[in-house]
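The values are calculated or read from the model by the stated rules, or taken from the named source; none is laboratory data. As the structure is a prediction and not an experimental result, all values here were calculated from the model. All Cβ positions, glycine included, derive from the backbone under ideal geometry; neighbour counts span all protein chains shown. Ligands, DNA and RNA are stripped out before the accessible areas are found, and what is left, the full protein with its side chains, is counted by its heavy atoms. Shrake-Rupley method; radii C 1.70, N 1.55, O 1.52, S 1.80 Å.
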Amino acid sequence: GLDREILKIFGRPGDDEAFETVHVMWLNMIRGGLIGLEHYTPATQKWSQAHVRARYCILQTLLRCENPLVKITHDASKDLLEIEIDAKRIATDGKAAIGELLRHLNINKATANVAAGKAYFDNLTAVDAEFLAIRDTVLKLRKPRKEFVQAHTRLTADGDAEVVDFDPSPAGVVDSLVTRHREIPL
């Protein structure tokens, strides 16, 4: 996300546009690390999704690096969770921190040092009391999962195509299925 030539491919050629794109991409990754705490089970100290654990690892890397560029503000009494990132330092300190993370992981992988690699990754993905409290707030703020219900098309009596939408909910899924198979039996 830091290569200007790649950003041009996606129609973000200007310096301001590129800066904004990189800033949003990094914020999204950091947010993913926080939101991913819903996939952590404190009782077993296990993560249910590998990619979410990796995002949390990236978040912790940016929080623990020599010159942290991320700040998390949490107030459980107000259900407040804010992320701040020093966007001007993404290309320098952020890139260096992620580079150091990748260097450690790749050296351990290349030398087949499973024990050191696992210890390094486990340390970065351990969830302490502060982040367990953040997890509670994440769970309180979680919105219901969106349901994707594909619309139907049908022909009207005039021969025109008509789109029939359904509620994006479990009931909408059932309604869609019943409607489809009322018109086209199984």
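Computed from backbone phi with θ = phi - 60° and the Karplus coefficients 6.51, -1.76 and 1.60, the 3J(HN,Hα) list for the range 114-120 is 4, 4, 5, x, 5, 4, 5 Hz; x is used for glycine and proline. Accessible-area rank, largest first, for Val70, Val163: Val163, Val70, with all protein chains present and a 1.4 angstrom probe.
If you roll a 1.4 angstrom probe over the protein chains with everything in place, what fraction of the accessible area of the chain belongs to carbon and sulfur, to the nearest %? Show your work: numbers first, answer last.
Values: 6980 of 12570 Å².
Reported share for carbon and sulfur atoms: 56 percent.
Across Lys140, Lys109, the residue with the most accessible area heads the list, and the full order at a 1.4 Å probe is Lys109, Lys140.
The charge dipole of the chain, taken about its Cα centre with unit charges on the Cβ of Lys, Arg, Asp and Glu (plus for the first two, minus for the last two), comes to roughly 800 debye. Each residue of the chain gets 238 Å³ once the volume of the Cα convex hull is shared out per residue.
Taking all protein chains together and rolling a 1.4 Å probe, Tyr120 ends up with roughly 60 Å² accessible.
Rolling a 1.4 Å sphere over the protein heavy atoms, what is the accessible area per residue of the range 9-142, to the nearest Å²? Walk me through the numbers on the way to the answer.
Values: 8100 Å² over 134 residues.
About 60 Å² of surface per residue is accessible.
Legend: P(r) of the range 33-119 from all alpha carbon pair distances, 5 Å bins from 0, whole percents, reading 3, 12, 17, 20, 22, 15, 7, 3, 1, 0. Put simply, the Cα atoms of the range 109-183 extend 70, 36, 19 Å along their principal axes, the longest span coming first.
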